[in-house]
Amino acid sequence: MATSWFSVLLLVSIVFSCFLAASAGDFYQEFDLTWGDKRAEILNGGRLLTLSLDKASGSGFRSKREYLFGRIDMQIKLVSGNSAGTVTAFYLSSEGPNHDEIDFEFLGNLSGDPYIVHTNVYSQGKGDREQQFYLWFDPTKNFHTYSIIWSPQRITFMVDNIPIRVFNNEESIGVPFPRNQPMKVYSSLWDADEWATRGGLVKTDWSKAPFKAYYRNFNAYSWNSVGTDVWRTRALDATGRRWLRWAQKYHMVYNYCADLKRFPHGRPRECRRSRFL
């Protein structure tokens, strides 16, 4: 793209200067290890967290705090090698049958194939709003930053500060939007070989276990900690829209809004109205 990385970094630095970090960094203070016995570990004085999956069990963790709007960042290094059949999930969720949820799911692959990042938005217990993208880098070699920016107006999914998806609030046309239920941050590593890789055709190779994912540099920025509402309503600027178009043109592999076979009686309402979803 013609847009320089300097422009992107400048934009990001301006955004960060307008937030007050509500929490940062220390996994002991911010998270509970919720399942998987000793397969989930906090290391390096609280600066690193690892999840592990073997044939007996996966593992997961959950934030101690709840959030109602804000920006959530996590640096993750995904399962390396032949990770087919595994899913590393990083998401926000409330509780109950009518829960809200905002998902990143990273679908494992055969060695050498690109990772797919699966995104979804649930409101009042209903999801089915999937978009999938090939990552444009190897997410197993280094840590990369995955972000959810959630305001009353929209949800933005970002990878290394590049927007890949925007889900707008379309309640005015009858589309539910998650804006009333506080959510916690969750992550898990689990076996989903019935669907995760090539629709379940490629199964988990347990001879490669244990599978491991690594986490660091968690940050949560709360809208409520800022003395202005400007970032609650601000949409992507021209630079952000160009990056969004780039991600959707060159890296999107599935968009529910374009799946006409799935919706033979007409696309969901938000698909007919929003340019970027």
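The values are calculated or read from the model by the stated rules, or taken from the named source; none is laboratory data. Model, not experiment: these values are computed from the prediction. Glycine gets a Cβ as well: all are built from the backbone with ideal geometry, and neighbour counts include every protein chain shown. Just the protein is used for accessible areas: all its heavy atoms, side chains included, with ligands, DNA and RNA removed. Shrake-Rupley method; radii C 1.70, N 1.55, O 1.52, S 1.80 Å.
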Take residue 38 and decide whether it is of a type in the set (D, E, K, R), without any contact (Cβ under 8 Å) to a residue 60 or more places away in the chain and open to solvent by 30 Å² or more (accessible area, probe 1.4 Å).
yes
Of everything in region 170-192 that's of a type in the set (Gly, Ala, Ser) and touching a residue at least 12 places away in the same chain (Cβ under 8 Å), which residue is surrounded by the fewest Cβ atoms within 10 Å (Cβ to Cβ)?
174
Of the residues in region 72-83, those that are polar (S, T, N, Q) and open to solvent by 10 Å² or more (accessible area, probe 1.4 Å) come to 75, 80, 82
Determine if region 28-42 includes at least one residue that is in contact with a strand residue (DSSP E or B) (Cβ under 8 Å, 6 or more places away or on another chain) and at pLDDT below 95.
yes
Of the numbered conditions (1) closer than 22 Å to residue 198 by Cβ; (2) more than 11 Å from the chain's Cα centre (by Cα), residue 104 fails exactly one; give the number of that condition.
(2)
Of the numbered conditions (1) touching a Gly at 6+ places or on another chain (Cβ under 9 Å); (2) under 22 Å from residue 190 (Cα atoms); (3) not in a loop (DSSP other than H, G, I, E, B), residue 156 fails exactly one; give the number of that condition.
(2)
With the requirement that a residue be of a type outside the set (A, V, I, L, M) and either touching a helix residue (DSSP H, G or I) at 6+ places or on another chain (Cβ under 7 Å) or touching a residue at least 40 places away in the same chain (Cβ under 8 Å) (or both), what does region 127-140 give you?
128, 129, 130, 131, 132, 133, 134, 136, 139, 140
Condition check for residue 141: surrounded by fewer than 18 Cβ atoms within 10 Å (Cβ to Cβ) and out of contact with any strand residue (DSSP E or B) (no Cβ under 9 Å at 6 or more places or on another chain)
no
Can you name the residue in region 84-99 that is touching a Lys or Arg at 6+ places or on another chain (Cβ under 8 Å) and more than 17 Å from residue 32 (Cβ to Cβ) and, of all such residues, is surrounded by the fewest Cβ atoms within 10 Å (Cβ to Cβ)?
84
Which of the residues spanning region 147-161 are surrounded by 19 or more Cβ atoms within 10 Å (Cβ to Cβ) and touching a residue at least 40 places away in the same chain (Cβ under 8 Å)?
147, 148, 149, 150, 151, 154, 155, 156, 157, 159
Residues in region 181-199: is at least one modelled with pLDDT of 95 or more, of a type outside the set (D, E, K, R) and part of a loop (DSSP other than H, G, I, E, B)?
yes
Anything in region 41-60 that is in contact (Cβ under 8 Å) with a residue 40 or more places away in the chain and part of a strand (DSSP E or B)? List them, or say none.
48, 49, 50, 51, 52, 53, 59, 60
Evaluate region 155-162: report whether one residue or more is among the charged types (D, E, K, R) and at negative phi.
no
